[in-house]
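Bear in mind these aren't lab numbers, they're just calculated from the coordinates by the rules spelled out. The structure presented is a predicted model; accordingly, all values stated were derived computationally and were not measured. Counting neighbours? That spans all protein chains shown, and the Cβs are built from the backbone with ideal geometry, glycine included.
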Amino acid sequence: MKLFITRHGQTNMNVARLVCGTCPAHLTEKGQKQANELARTLKEEQHINKIEYIYVSDLERARQTAAPIEKALGLTAIVDPRLQEVNFGDMEEVSYDDPDFLKRKEELFYRYPNGESQIEVAHRLFSIIDEVKEERKGHNVLFVSHGSATRLMRSYFLDLTTDQYKQKPMDNCHLICFDL
C-alpha cells in the first residue's frame, strides 16, 4: 500500500507572502496550472501508481487542487478536515517575515493564540494516516493537503531531526510517496 501526498497549488496568499493556515485563499492562475499539470501526470502514471482513493482537506485551495485530479482519475475525493493546515490563529495573514511568526513557527509545542500547536496538528494528521492504513489496506491513496501539514506528515514516516523538520515545506503540487 502506498500513500501519495501533495500540497495544494500556489495561492494568492503564497504570492503575497502572508501566513495562511485556515483563512481563505484561492489558487492563482499559476496554481491552477500546477494542479492541472499534476492531474495530467497522475493520469499518465495511473497504471503505475494505481491510486484508488483521494482524501482532501476541506479548505478551498486544497479542494481546487483536487478537482482536476478527481476528474483525471475518475475518482471522487473524500473531504476530511483533519488534512487542514495548521490554524495559526491570531498569526493568520501576517507576513511570513514577521519576527514573532518566525520565532513561533519553530516551536512545535507553541499554541498560536486562538489557533493550535503543530503537535496538535501532528496528532490529527497521524490519526487519519493510521485510519487510512487500516481502512484502505492494500489500496493506494492520495492526500491533498497543505505546506506545514505535509511537513508534519513526512515526520510520520521519516526519523527527522528538528533541523531537518524545519527545512522548507514542500513546493506547491509536489508529489511524494510513502509505503504504508
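Projecting the Cα atoms of LEU18, ILE5, THR41 onto the charge dipole of the chain, computed from C-beta unit charges around the Cα centre, puts THR41 farthest toward the positive end.
Listed by chain and number, the lysines whose C-alpha is less than 16 Å from the C-alpha of LYS137, apart from same-chain residues fewer than 8 away, are LYS2, LYS50.
Report the trypsin sites (Lys or Arg not before Pro) located in the stretch 1-70 that are in a DSSP loop and have at most 16 other Cβ atoms inside 10 Å of their Cβ, or state none.
Sparse-neighbourhood loop trypsin sites (Lys or Arg not before Pro): ARG17, LYS50.
Grab the DSSP H runs of the chain that are 4 residues or longer, score each as -39,500 (n - 2.57), total them, divide by all residues and round the 222 nm result to the nearest 500 deg cm²/dmol.
Numbers: 8 runs with 78 residues, N = 180.
One gets -12500 deg cm²/dmol as the mean residue ellipticity at 222 nm.
Note down the nm distance, to one decimal, between modelled labels 7 Å out along Cα→Cβ at PHE157 and at SER95. Rounded to a tenth, the inter-label distance reads 3.6 nm. Straight-line reach from LYS105: taking Cα to Cα under 15 Å and skipping same-chain neighbours fewer than 8 places apart, the aspartates and glutamates in range are GLU85, ASP90, GLU92, GLU93, ASP97, GLU116, GLU120, ASP163.
Would you mind counting up the charge near THR22? Only other residues with Cβ under 10 Å from its Cβ, with Lys and Arg at +1 and Asp and Glu at -1. If you can, show how the numbers build up before the last one.
Working: positive: none; negative: ASP58, GLU85, GLU92, GLU116.
For residues surrounding THR22, the net value is -4.
Could you work out the mean projected area of the convex hull around the alpha carbons of the stretch 54-134, in square nanometres to one decimal? Don't jump to the answer; show the numbers that get you there.
Details: hull surface 25.2 nm².
For the Cα atoms of the stretch 54-134, the hull's average projected area reads 6.3 nm².
Ranking of THR22, THR162, THR65, THR76 by neighbouring Cβ atoms within 10 Å, starting from the fewest: THR162, THR76, THR22, THR65.
Counting neighbouring Cβ atoms within 10 Å and putting the fewest first, the residues SER145, SER117 line up as SER117, SER145. Partner lysines whose Cα lies under 29 Å from the Cα of LYS103, excluding those fewer than 8 positions away in the same chain, are identified as LYS166, LYS168.
For SER117, nonlocal amide neighbours, meaning residues 5 or more places apart or on other chains whose placed amide H falls under 5 Å from its own, are TYR112. Between the residues THR161, TYR112, PHE143, the greatest Cα displacement towards the positive end of the dipole of the chain, with unit charges on the Cβ of Lys, Arg, Asp and Glu, is found for PHE143.
Under the combined filter of DSSP loop state and at most 16 neighbouring Cβ atoms within 10 Å, the stretch 102-156 retains these GluC sites (Glu not before Pro): GLU106, GLU107.
What trypsin sites (Lys or Arg not before Pro) does the stretch 108-160 have in DSSP loop regions with at most 15 other beta carbons within 10 Å? Spell out each step's value before the answer.
Details: sites: ARG111, ARG124, LYS133, ARG136, LYS137, ARG151, ARG154; in loops: ARG111, ARG136, LYS137.
Passing sites in the stretch 108-160 are ARG111, LYS137.
In the chain, the inverse of the mean reciprocal separation of distinct Cα atoms equals 16.4 Å; this is its Kirkwood hydrodynamic radius.
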